[in-house]
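Enquirer: Before we start, here is the structure in question, set down as structure tokens.
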Protein chains: 2
Amino acid sequence: MSTSTALADIRLPDDLPPPLPEPAVDELRLEAVMGALADPLRLIIIRKLLLESEAYDHSCGWFGFDRPKSSLTHHFKALREAGLIRQRQYGLERRSRVRLEDLDARFPGLIDLVKAWEPAAPIA
Amino acid sequence: MSTSTALADIRLPDDLPPPLPEPAVDELRLEAVMGALADPLRLIIIRKLLLESEAYDHSCGWFGFDRPKSSLTHHFKALREAGLIRQRQYGLERRSRVRLEDLDARFPGLIDLVKAWEPAAPIA
DNA sequence: ATCATAGTTCGATAAAACTCGTACATATCA
DNA sequence: TGATATGTACGAGTTTTATCGAACTATGAT
């Protein structure tokens, strides 16, 4: 769980770009999270991040959705503002990851529901 | 878990009024369930049924919401059509219960999320 | 029969949310 | 410097959802 010393709990900037604005853990609201997951495309996004991302964050394009860019921006923003994903700017790309620890802390079991979900129909 | 004989597993009509139209277990959709739970009032309904109902089904009025009746009809219907509650007509009243077994079977862990939820503000 | 009760249905309005085109901003690379 | 790639911001059109009043239905009691 922790590294060798207690001081290791002080996280250094870690060289990562800072996350885009997002709700803090204690600001996460179940109703907002549910609302964000009420959309099939957004469920696909989260599920794909959970099942197929190998420890890397992924840009919008990685998902391969055949949708206008402005639509994708809309959905990724919805996920970020509900607290489901964290986004960081890497040069041109804005990469996303699921806020696993935060979600597990506030809503244990939620992530498993998304993992187990099967889309009704391929949505692209 | 079971009663004395195997034949007891054949459930007799049980003298209950038939449930209003509802999706079958295998028709339950996570996105629909999430959508139904994205509303604070509907979360309150489910949570109150989970925590305060002593093995009885409860009518609309039992909840004590200060809202027009047509609004309550709307929300109870939304919950029923998403598969979260089962409703039966008892004379004048239409009593509701959470579809616990069905939800546990399809979305294990979901109910616990609602149980643990705390409303941001009293909604009435 | 009359009356009150519990809830529905309909219709209108208003507020959100989704979808997408266009224009824009910025980083990377030749 | 200019071209390209990733993604945002804004705005319009469309759809969905919420809210609520008013009229209605059906049950149960007096």
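Values in this text are rule-based calculations from the coordinates and carry no lab data. All figures in this text were calculated on a predicted structure; none of them were measured in a lab. Neighbour counts run over all protein chains shown; Cβ positions are idealised from the backbone, glycine included.
Enquirer: Exactly one condition in (1) within 11 Å of another protein chain (Cβ to nearest Cβ); (2) within 11 Å of the chain's Cα centre (by Cα) is not met by A:P119; state its number.
Expert: The number of the failed condition is (2).
Enquirer: Could we say that B:E31 is of a type in the set (D, E, K, R), part of a loop (DSSP other than H, G, I, E, B) and without any contact (Cβ under 8 Å) to a residue 24 or more places away in the chain here? Working first, answer last.
Expert: Values: of a type in the set (D, E, K, R): yes; part of a loop (DSSP other than H, G, I, E, B): no; without any contact (Cβ under 8 Å) to a residue 24 or more places away in the chain: yes.
It is false that B:E31 is of a type in the set (D, E, K, R), part of a loop (DSSP other than H, G, I, E, B) and without any contact (Cβ under 8 Å) to a residue 24 or more places away in the chain.
Enquirer: With respect to A:L51, determine if the residue is more than 13 Å from DNA strand C (Cβ to nearest atom) and closer than 26 Å to B:G109 by Cβ. Lay out the reasoning, then the answer.
Expert: Working: more than 13 Å from DNA strand C (Cβ to nearest atom): yes; closer than 26 Å to B:G109 by Cβ: yes.
Spelling it out, A:L51 is indeed more than 13 Å from DNA strand C (Cβ to nearest atom) and closer than 26 Å to B:G109 by Cβ.
Enquirer: State whether the residues of the stretch B:30-37 include one that is within 11 Å of DNA strand C (Cβ to nearest atom), among the acidic types (D, E) and under 29 Å from A:R47 (Cβ atoms).
Expert: Yes, because at least one residue in the stretch B:30-37 is within 11 Å of DNA strand C (Cβ to nearest atom), among the acidic types (D, E) and under 29 Å from A:R47 (Cβ atoms).
Enquirer: To continue, here is another question. Looking for whichever is farther than 19 Å from A:E31 by Cβ and part of a loop (DSSP other than H, G, I, E, B) here; the options are B:D15, B:D102. Which one fits? Spell out how you get there, then give the answer.
Expert: Working: B:D102 fails: part of a loop (DSSP other than H, G, I, E, B).
Within the list B:D15, B:D102, the selection yields B:D15.
Enquirer: Please go through (1) within 16 Å of DNA strand C (Cβ to nearest atom); (2) in a strand (DSSP E or B) for A:A120 and return the number of the only condition it doesn't satisfy.
Expert: Every condition holds for A:A120 apart from (2).
Enquirer: Which residue is nearest to DNA strand D (Cβ to nearest atom), if the candidates are limited to the stretch A:49-66 and must be more than 10 Å from A:R97 (Cα to Cα) and surrounded by 15 or more Cβ atoms within 10 Å (Cβ to Cβ)?
Expert: Going through the stretch A:49-66, the residues more than 10 Å from A:R97 (Cα to Cα) turn out to be A:51-52, A:54, A:60-66.
Pick out the ones that are also surrounded by 15 or more Cβ atoms within 10 Å (Cβ to Cβ) and you get A:60, A:62-63, A:65.
Values: A:C60: 3, A:W62: 8, A:F63: 9, A:F65: 10 Å.
Looking at the filtered set, the residue picked out is A:C60.
Enquirer: Filter the stretch B:92-116 down to the residues that are without any contact (Cβ under 8 Å) to a residue 24 or more places away in the chain and facing another protein chain (nearest Cβ under 9 Å), then identify the one that is farthest from A:W117 (Cα to Cα).
Expert: Checked the stretch B:92-116; the qualifying residue farthest from A:W117 (Cα to Cα) is B:A116.
Enquirer: Residues to consider are B:A82, B:A38, B:A105; find the one that is within 24 Å of A:F107 (Cα to Cα), within 16 Å of DNA strand D (Cβ to nearest atom) and over 12 Å from the mean Cα position of the chain (by Cα).
Expert: Working: B:A82 fails: over 12 Å from the mean Cα position of the chain (by Cα); B:A105 fails: within 16 Å of DNA strand D (Cβ to nearest atom).
Just one listed residue meets the conditions, B:A38.
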